[in-house]
Structure formats: structure tokens, C-alpha cells
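What follows is one structure encoded as C-alpha cells, with my remarks underneath.
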Amino acid sequence: MADDSIAVVDLDRCQPDRCNYECVNFCPPNRTGKECIVERGDHYDEEEPYEGGPDQVFISEEICLGESCGICVEKCPFDALEIINLPQELDETPAHRYGDNAFGLYGLPAPEEGRVTGILGPNGIGKTTAVRILAGEIDPNLGRHADPPSWDDVMDAYRGTELQEYLAALRDGDVTVARKPQYVDKIPETFSGNTRGLVEGVDERGVAEEVVERLGIAPVIDQDIDTLSGGELQRVALAATLVRDADFYFLDEVTPYLDIGQRVTAARLIRELAADGDRSMLVVEHDLAVLDLLADSIHVAYGRPSAFGVVTDPKSTKSGINEYLTGYLDNENMRIRQEAIQFEEHAPRTGSAGDTLVEYPDMSKSYGEGEFSLDVAGGEIRRNEVLGVVGPNGIGKSTFAKMLAGRLEPDSGELDVALNISYKPQYIDIDQPMRVDAFLSSVTDDFGSSYWNTEIAQPLQLERVMEQDITDLSGGERQRVAIAACLSEEADLYLLDEPSAHLDVEHDLLADRLQVFAGTPAEHGHAGQPVGMREGMNEFLANLGVTFRRDERTGRPRINKPGSQKDREQKQAGEYYYAPAGDV
């Protein structure tokens, strides 16, 4: 194979007991007597450990003809093989590779003292591998998985780079690390107790009370962890990380389940901690507006998910995000996406004019005396529109969705919705040991049809998870499966609660109209009538005191720094959602 190609075998998908070794039998080098694709048990010595079963296949990258052949990829009935031409500009030495025909990572992010470094890229591209290396959990093997290099070899490989000093400190054990996990809904599985015990138990800087107050988790400080919502768990996890006294902080997805106000507060806390001394902050985040607000520089990660990933040299935050969106990296002279991610260039829509699908009356719901209550102003949902629902966490958005879906009865207001409704809840609870394809086929008769594949499976990138067990999926993969299940049902109205949690920026959704929720979180909420986008966003953002502008190059939303000239001008003009036309 050419030096710039790799072979990847997905061991979760390779099922030799269910095939006839088509890859082995049709491989051109094999047919000339060479051993290009063989059984793993034949490739290794019996005493040498290797991943995968002995009957699964191994591909010799030295013999393989490369992506230009690709016959084995086409013949594999389980889509378990990939032959990939690496970018010609790529350094041939990976920072780490997990094994023969396994994922490889090229490049590493460089933490900087007193600064926040961001990583932007799709899931499955090696961001977690990079962080585990920087956290000292795995040693970089420079691709030499069978004969791992010494630390002296690693230092030689990175001599003269921005990583040299950090890796030297890591080698010598002089780096302490604090990590916030990506999937906060897993915290109750590893910690039993209340919020206070978790946060105060790791408070090495003596700032727990201040951080708890600023993140708004004082009301749940004495509640058991397993009773908290996703938004509360996210803020508790962030608090438990930021109260640590560490040299290197790794924050994996700060924004899922948080409203925009909570996201801005989190960003401010992170920036303040970075500026306090010589701490290094590394943040993986898909919310571009928040990443733009908190990061001093970013690394773009690209490649082929589960096959290989590349981490670029640091870029300015604005340039890095814009290059990621346009799909072209300027310094690297590299195209990483065929089509740019587009944002609307015109002013926000004034609302759709479709026929009314359903009208709902004034309603109210109370969970008991002294508990949360919600009142809803009657309104309508139109055909052929996307109605966005916005408001702080704990303000009743999920309660409203459950009432529409018939899962909660309102205390007042006769709700007679004679519709077929498909509902995706906020928190994904699919724990039955069942393959994805079996689960999805159980919810729709269209599973596998041309229409279903084109309109649901392909946009949600489900192809490579179809034969996996649902319980083995990542949070983002589960989210996409749950969305697919919701959209696969025949329905008049689709209710999706928090559909973007853990998803990449490519999956963003734009609404036609907005319904704004206001009030006091955890006490009382009020749901207004659906209104146009500009009116709704101005109302919502004014409640939070946050203003947005558009990037002049890509049109993407950017959060104005609080108190900046642009922030003051827009607040004075009453334009919280983007600057007026002609003033971007």
C-alpha cells in the first residue's frame, strides 16, 4: 500500500461466522499468492496478544493496493472494512495508533498556560484519545503499537514543538489533571450521595460555595445525585471540576442540557479560572457560539470517524471556526468537507403562514403546593413548520411537551388533541439489549426502504451503528437513534425534547417560529404564544441580557462579549438577536 494509506477493520462488525470470507477470496494480492488479507489467528504468533477473534481478518498495509482497489470493502457484507488514502500533506507518523487496522490519531492539541484552548470536530475523530494522552492516561506510541517507544523517543519526536514543555512535565509526573466527563447522565452510576458531598468532597481551592451559587445549583445542593435533571447534572459536574486545584483542566462538552444563560455563565467561569495563574484549559465543545466566547485559540479535528483523526496546529478562534464551517483549512491547504455549512444570510423569519394543525387552550399544571407550576397561553401549531421552544431550564418546557403528547394531564384547560403524536423525550432511556436495526424496524414498517434510508438513516448517519447493540452506543449515537425512532413513526406532530444534545454542529436545526418560556426556574413558568423568530429571540435574549451578532464571513451567530460596544449598542436598539441589517 502507498505510504499515505491505512486499512481499518471494525472488529465489532467483522463477523466471520456469518460470511464466506469474501474479502479474503476476492482480494487481488491474495489471488496472486500473497497474504494481504488473512485470519488474525494466522497472522500472529500464539504467544503474542492481539485484539479481535482469531477468525476475524487482518489486512497487511504493506501489501494492500490501497483505496484505488477497494474490492474487499465492496465485498464485505457487514461494512467492516475501510481502505483510506490519508491526506498527502499529513505527517506520516501518528501520535498514537491502537493496533493493526485500528484507529490512528495524527497530531495533538497544545495546552497553553493561562489560556483556554478549544477542540472543534465531529464525534469519533480522536478528541478523547488526544485528551487521554495529555492527561497521562495513555502514553503516545507514535504508531508503534507492537513495540512502544520510550519517553525519550516521544520527546525526540516533539522536540522543538509547542508540546515539548508540556510532554516533559507529563513524563516527569509534574502535571495534575481535572476532567469533566462528556456524558453527565452516567454520573449517578459512579457516585451515590448528594450534590454537596460530590462538590465539597473535591473542593481543593475552597471555592465550592461561590461556584455553586454562580452556577445556580444551590437549590439542589442537598438533593441526591440520582434525582437531578440533565441540566442540573451538567452544572454539578462542571462545579466539581472547577473547584479542583489542577494544572490542566479538560472539559468535555459543557453545554448539553444548558440554556443560553447557563452556557454564558459557564463560559465566564472557565475563562476566569484560566486567567487565574498558570492553569491550562482544554475544551471540547460543539456549540460554536459558546466556543467562540470562551476559547483563546482552537484546534480543528478532521478525518474519518472511527478510522483516523487529524488535529491541526492552533488557529485563532474566529478563523478556526470559520474554516471548519467552510470546509477548507487555509494553512493546511486541505478540504475537509465537500460542502460548506451554511447559515441564513437574511434577517430572522417573521413566521410561517401554514394552515393550523392544532389549537391548544389556556392551560395550567401544578405539581403540588409549594412545587413547580406552569401556565400556558393558548395558541396554535401550524402545518409544515418547525416550532422552536426556548427558555431557561426548569421553566416547564418538558411539562408542556408531555401535556401535548398526552403523557401529563393539565389541571385546567381541556386539551383535546385528536392527532397522532410522536414524542422523543429529553433523556434517552433505551436500555434493552437490542440491536439498532431490530429496534428501528420495530417502530416502522418503512425500515430499510429507499425513502427511509434517504430521509432518515443517511442524514442521521446511522449506517455504521445499525448492527451495534443500543446499550453500547455513545450519547450522540443514542440521540440520533432516538430521533430516528421518533421521525420513523407515522404522525401528524413530532415532539422532540432536546434533540441536539451531544450532536455535532452539522446537525443544527432552525425554527420557523418560537414559543418563549419565562418565569422563575423550579418555581413557576409561563409559556407565551408562538411568535415570529425575531420577536421571540429578542424577548428570550432580553430576559437573559445576552446579545448576538452575525459573523461577516459565514453568517454564523456569535455572542457579543458582555459590556462590549456591540453589546451596548444592540441593547440600546432593542436588537438582541443579531445586529440590524447592514450592521453585522
(message) Before I look further, what does region 185-290 give for accessible area per residue, probe 1.4 Å, in whole square angstrom?
(response) 37 Å²
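Local charge sum around Thr195 (other residues, Cβ-Cβ under 12 Å, Lys/Arg +1, Asp/Glu -1)? Write down the numbers at each step before the final one.
On the way: positive: Arg196, Arg235; negative: Glu200, Asp222, Asp224, Asp226, Glu232.
Net local charge, Thr195 excluded: -3.
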(message) Taking each pair of distinct Cα atoms in region 217-369 once, what is the resulting Kirkwood hydrodynamic radius in Å?
(response) 19.2 Å
(message) Students often check this: by mean Cβ neighbours within 10 Å, which of 360-372, 5-17 ranks highest, and how do the rest follow?
(response) 5-17, 360-372
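Which percent of the accessible area of region 512-556 is formed by carbon and sulfur heavy atoms (probe 1.4 angstrom)? It would help to have the intermediate numbers written out before the result.
On the way: 840 of 1730 Å².
Its accessible area is 49 percent carbon and sulfur atoms.
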(message) Just to be sure I understand the model, the point goes 7 Å from the Cα along the line to the Cβ. What's the resulting Arg171 to Lys318 distance in nm?
(response) 3.9 nm
(request) Could you work out how far apart the two model spin labels at Thr161 and Asn25 are, taking each label as a point 7 Å from the Cα in the direction of the beta carbon, and quote it in nm? (result) 4.5 nm
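Would you mind classifying region 202-257 by shape? Square roots of the alpha carbon gyration tensor eigenvalues, ordered a ≥ b ≥ c; an a/c under 1.5 is rounded, otherwise it is prolate if a/b is larger than b/c and oblate if not. Display every interim value, and only then the final one.
Working: a/c = 2.03, a/b = 1.27, b/c = 1.60.
Judged from the Cα gyration tensor, region 202-257 comes out oblate (a/c at least 1.5, b/c at or above a/b).
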(request) Give me the distance in nm between label points sitting 7 Å out from Cα along the Cα-to-Cβ direction at Ser449 and Glu489, one decimal. (result) 1.8 nm
(request) Report the full-extension gain for the segment Val386 to Glu92: residue separation times 0.36 nm, less the Cα-Cα distance, to one decimal in nm. (result) 101.2 nm
(request) Give the cysteines in the chain for which no other Cys Cβ lies under 4.7 Å away, or write none if there are none. (result) Cys14, Cys19, Cys27, Cys36, Cys64, Cys69, Cys76, Cys486
(request) Run the 1.4 Å probe and let me know the accessible area of Leu258, rounded to the nearest 10 Å². (result) 10 Å²
(message) What lysines does Lys424 reach when the alpha-carbon gap must be under 17 Å and sequence neighbours fewer than 8 apart in one chain are set aside?
(response) Lys397, Lys402
(request) For region 121-253, take the alpha-carbon Rg, divide it by the Kirkwood Rh, and send me Rg/Rh. (result) 1.07
(request) Work out how much length Ser412 to Arg205 would gain on full extension: take 0.36 nm times their residue separation and subtract the Cα-Cα distance, in nm to one decimal. (result) 69.6 nm
(message) If you roll a 1.4 angstrom probe over the protein chains with everything in place, what fraction of the accessible area of region 188-243 belongs to carbon and sulfur, to the nearest %?
(response) 43 percent
(request) With the full set of protein chains in place, find how many percent of the accessible area of region 311-421 is carbon and sulfur; take the probe as 1.4 Å. (result) 42 percent
(message) Test of understanding: what is the full-extension gain from Glu51 to Ser5, defined as 0.36 nm times their sequence separation minus their Cα-Cα distance?
(response) 14.4 nm
(message) For region 55-168, what does the accessible surface come to per residue with a 1.4 Å probe? Please give it in Å².
(response) 43 Å²
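Sort largest first and round to whole Å: the equivalent ellipsoid semi-axes of the chain, each the square root of five times a Cα gyration tensor eigenvalue. Spell out each step's value before the answer.
Numbers: eigenvalues 355, 188, 112 Å².
Value: 42, 31, 24 Å, ordered largest first.
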(message) Could you report region 400-497's accessible area per residue, 1.4 Å probe, as an integer in Å²?
(response) 50 Å²
(request) Give, in whole angstrom and from largest to smallest, the semi-axes √(5λ) of the equivalent ellipsoid of region 82-153, with λ running over the eigenvalues of the Cα gyration tensor. (result) 21, 17, 12
(message) Within region 523-556, name every residue whose backbone N is under 18 Å away from a label modeled 7 Å from Cα of Gln572 along the Cβ vector.
(response) 546-549
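The values are calculated or read from the model by the stated rules, or taken from the named source; none is laboratory data. Note that this is a predicted model, so its numbers are computed, not measured. All Cβ positions, glycine included, derive from the backbone under ideal geometry; neighbour counts span all protein chains shown. Ligands, DNA and RNA are stripped out before the accessible areas are found, and what is left, the full protein with its side chains, is counted by its heavy atoms. Shrake-Rupley method; radii C 1.70, N 1.55, O 1.52, S 1.80 Å.
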